[in-house]
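Trainee: After the structure tokens below, expect a handful of questions from me.
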Ligand SMILES: [Cu+2]
């Protein structure tokens, strides 16, 4: 229950940030500990048109909790994707207007399916070392900038 209440508080905080944010390049500065109540590494992230923001760019391998708020005005998804392609450089299939999730050099290891604006989701995963991108692959969204990188050491 402690994790959940943390999540709700942070979600409310993020939503309030969204309500008053004026700088399009705003970054999340959240007064939260680096670990969730269960001891997993905590990453606080958000998705919106057209970006994905996370409060950490590298973490140690192991159990990790992503607390992800949709701060946009439409539904988004959150894909934890293991890839050595540079951030934003996974090749787009022009017919699909998104990249192929079964494509070479790309592995979606965990995801939060599309969810509503101004709500928060939790995802936990035992991260293996490697290069990842946190992204949204709804048609058009990745190409419009909805990605950020995460290095797991
Ligand atoms: Cu999206």
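What follows draws every value from the coordinates through simple rules; no lab data is involved. Quick caveat: nothing in here was measured; it's all calculated off a predicted structure. Glycine gets a Cβ as well: all are built from the backbone with ideal geometry, and neighbour counts include every protein chain shown.
Trainee: Residue 110 to residue 56: extension gain in nm, 0.36 nm per residue of separation minus the Cα-Cα distance?
Mentor: Stretched out fully, the residue 110 to residue 56 stretch lengthens by 17.6 nm.
Trainee: In addition: Can you work out the FRET efficiency for the pair residue 122 and residue 93, with r the C-beta to C-beta distance and R0 = 25 Å, to the nearest 0.05?
Mentor: For residue 122 and residue 93, the calculated efficiency is 0.25.
Trainee: Let me ask something additional. Provide the gained length on full extension for the span residue 73 to residue 151, in nm with one decimal, where the gain is 0.36 nm per separating residue minus the Cα-Cα distance.
Mentor: 25.2 nm
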